1. Is it the case that some residue within the range 413-433 is within 26 Å of GLU515 (Cα to Cα) and touching a residue at least 12 places away in the same chain (Cβ under 8 Å)?
2. When you go through VAL269, VAL293 one by one, which is the residue that is in contact (Cβ under 8 Å) with a residue 24 or more places away in the chain, of a type in the set (Val, Ile, Thr) and out of contact with any Leu (no Cβ under 9 Å at 6 or more places or on another chain)?
3. Can you tell me which residues in the range 325-350 are assigned to a loop (DSSP other than H, G, I, E, B) and touching a strand residue (DSSP E or B) at 6+ places or on another chain (Cβ under 6 Å)?
4. Among the candidates LEU582, LEU674, single out the residue that is surrounded by 13 or more Cβ atoms within 10 Å (Cβ to Cβ), assigned to a helix (DSSP H, G or I) and either at pLDDT 90 or above or assigned by TED's automatic domain parsing to the domain that holds THR484 (or both).
5. In the range 527-547, how many residues are part of a loop (DSSP other than H, G, I, E, B) and farther than 13 Å from ARG453 by Cα?
6. Just checking, how many residues over the range 480-498 are surrounded by 16 or more Cβ atoms within 10 Å (Cβ to Cβ) and either farther than 25 Å from GLU528 by Cα or of a type in the set (D, E, K, R) (or both)?
7. Taking the range 609-618 on its own, how many of its residues are touching an Asp or Glu at 6+ places or on another chain (Cβ under 9 Å) and surrounded by fewer than 21 Cβ atoms within 10 Å (Cβ to Cβ)?
8. Do you know which of the residues in the range 501-544 that are over 20 Å from VAL578 (Cα atoms) and touching a helix residue (DSSP H, G or I) at 6+ places or on another chain (Cβ under 7 Å) is surrounded by the most Cβ atoms within 10 Å (Cβ to Cβ)?
Amino acid sequence: MSASAAARREIKSLREQIRYHNYRYHALDDPEIPDAEYDRMMRRLQALEREHPELITDDSPTQRVGDAPVETFGTVQHEVPMLSLDNAFGEEELRDFHRRVADRLELELEADELSYAAEPKLDGAAVSLLYEDGRLVRGATRGDGTTGEDITHNVRTIEAIPLRLIGSGYPATLEVRGEVFMPKAGFEAYNEKAAAAGEKTFVNPRNAAAGSLRQLDPQLTAARPLDMYAYSVGRIDGGDLPQTHSEVLERLQNWGLKVCPERRVVSGVEGCLDFYRDIGDKRDGLPYEIDGVVYKVDDLQQQRELGFVSRAPRWAIAHKFPAQEELTTVEGVEFQVGRTGALTPVARLKPVFVGGVTVSNATLHNIDELHRKDVRVGDTVTIRRAGDVIPEVVGVIRSRRPKGTRKVKLPERCPVCDSAVAREGDEAVARCTGGLYCSAQRAEALKHFVSRRAMDIEGLGSKIIEQLVSADRIHTPADIFTLTREEVAEMERMGEKSADNLVAAIEASRTTSLERFLFALGIREVGESTAAALAAYFGKLDLIMSATENELVAVPDVGPIVASRIRSFFGEKHNRDVIQALRDQGVSWDESEPQRSPADGKLSGKTFVLTGTLPNMTRDEAKKKIQAQGGKVTGSVSSKTSFVVYGDKAGSKLSKAQNLGVETIDEAGLDQLLNAPASEES
């Protein structure tokens with residue numbers, strides 16, 4: 001055998017052994033050999049690769065820090081969105097979540113047959129790892145859930161992340177999602193070393209992990225003690241995985257990935273609460289920071305049935321621990337005006353360190369909340385970072401209240417434009433009546449209009465919007481499209497190239513989509529999902545603008561309150577004038593035929609509930625057919641329900657319908673309704 005062939009065999013053997021021992025050490029936390037023996041194998045492999053550089057591969061254990069610094073981060077489009085989770089901050093919110101899940105799956109709560117995969121919610125940075133034929137080919141940040149940053153050069157430096165999967169049976173393409181974190185001990189040691197060297201220290205392990213992943217030089221990332229636990233999968237091609245989340249995690253561990261050892265499959269809401277209390281008791285002793293626990297419906301088929309709402313899955317929830325709290329003093333209370341005119345009282349605080357950050361402001365939400373808590377200037381208050389993120393005032397320490405304090409009153413006039421302040425009905429929110437005349441609303445409305453998820457005018461940031469509003473140059477969104485290159489170039493911090501880029505971005509944004517345009521208008525209660533539902537349902541803006549409230553509530557995701565907001569918005573002449581001005585400036589989008597004629601759908605005014613398994617169509621298909629003809633589909637039965645459509649294994653909804661005297665029909669009966677001439681509609 002030639003020397004080269006012998007070296008090739010030894011290199012292959014050493015790599016396999018090192019990968020195996022990495023798996024034992026990182027994934028199983030059960031090393032099989034002493035560190036000295038591992039080091040000897042690694043040094044031997046390095047020596048052989050130096051002698052035979054032509055045999056070096058990018059998935060060799062020696063190549064974790066082989067990349068040169070990058071100049072900027074590339075972007076990664078997540079084919080399967082990396083969704084965020086809804087939060088539960090108390091037992092009742094968790095029970096509500098469980099109730100919703102059971103209801104959608106048509107399970108009896110008493111049976112407690114729902115299994116959840118429970119695990120700690122790590123306080124780090126979410127990442128996506130893409131493996132092709134077992135080789136790590138890409139690492140990315142979560143970003144906004146749809147688009148992240150390419151951090152491949154950095155994730156390769158993390159010892160817990162295998163450059164090549166071990167074993168067999170993994171899909172040809174496997175995307176693994178996980179949390180990169182900095183263990184407590186590593187965080188303390190790193191900060192101690194940095195402080196001794198006169199370097200900047202990290203505020204908390206979460207910031208440390210996120211900051212480490214966004215280094216342009218992988219050498220800097222490699223010097224930081226990062227770890228990772230896999231918690232789910234995304235894209236999968238060319239292979240299958242088990243049918244439960246817990247088994248998927250076991251499979252990932254078998255392939256060499258680390259998964260959190262503090263995980264458990266529990267039954268029902270009581271099992272979730274037991275796990276929550278158990279992890280809470282262990283929290284301080286865990287080697288990593290957590291801010292709660294996560295529950296996921298374990299059965300993947302049930303996950304698919306439950307689906308998603310907006311940007312979060314219906315089958316998972318994060319149960320947060322009580323946030324850290326501190327005392328400080330209220331130095332003032334001011335009212336901020338948002339883009340919808342809402343006045344939000346904000347407490348200006350003596351700066352205090354809470355949950356890893358310095359807090360100097362805290363929201364008081366609305367005037368009713370301010371009065372309920374009776375927060376006054378000079379009060380000593382308890383501050384909490386709700387969900388460890390948003391600072392809020394928990395309550396007042398009345399025993400420390402100075403003499404002579406006064407109750408804070410709602411201003412009668414807008415602090416920005418001096419327009420009258422009004423409250424609508426029983427709403428807790430007070431609003432400035434100045435509308436687009438109020439510069440605060442104007443600026444915030446314009447910032448929303450140009451934002452990434454709306455019209456996406458890159459380069460037209462907050463500071464430039466504020467300059468333009470302050471200079472009285474733009475009053476409505478239509479004015480944006482009248483900006484010239486010359487006047488943009490003259491603005492503060494705006495050079496010739498930046499001006500060219502901004503004008504080009506404005507020009508490009510003239511062509512958009514109907515759902516983006518609707519979202520950009522800033523109609524109260526109309527978020528991205530509602531805008532998309534309106535666009536898909538009506539197909540044309542004019543139909544939406546002229547729709548009645550009854551027609552609007554037939555749209556999925558639109559209830560009576562949202563319908564009222566939409567109707568009120570388009571009922572205002574100045575809003576219609578702005579839309580016409582935008583159209584006159586060339587803002588356009590593709591339109592389509594409506595899913596149904598809003599005015600004459602044969603099932604208009606009828607409410608349906610679907611239960612059980614239909615023989616020839618899925619419930620989602622049935623729902624779309626009903627909605628296409630003007631009907632509305634809801635999840636619960638009431639006396640106002642028109643029809644309950646039942647299939648095999650129909651649940652309690654069928655019994656409830658029969659008890660209430662609601663008409664019940666099978667799939668054949670639904671077909672008759674859908675296909676009957678208008679004169680025969682029920």
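1. no
2. Going through VAL269, VAL293 in turn, the sole match is VAL293.
3. GLY341
4. LEU582
5. Here the count works out to 3.
6. Counting residues in the range 480-498 that are surrounded by 16 or more Cβ atoms within 10 Å (Cβ to Cβ) and either farther than 25 Å from GLU528 by Cα or of a type in the set (D, E, K, R) (or both) gives 5.
7. 6
8. Among those that are over 20 Å from VAL578 (Cα atoms) and touching a helix residue (DSSP H, G or I) at 6+ places or on another chain (Cβ under 7 Å), it is PHE538.
The values are calculated or read from the model by the stated rules, or taken from the named source; none is laboratory data. In this text, all values refer to a predicted model and were calculated from it rather than measured experimentally. All Cβ positions, even for glycine, are placed from backbone atoms using ideal geometry, and neighbour counts span all protein chains on display.
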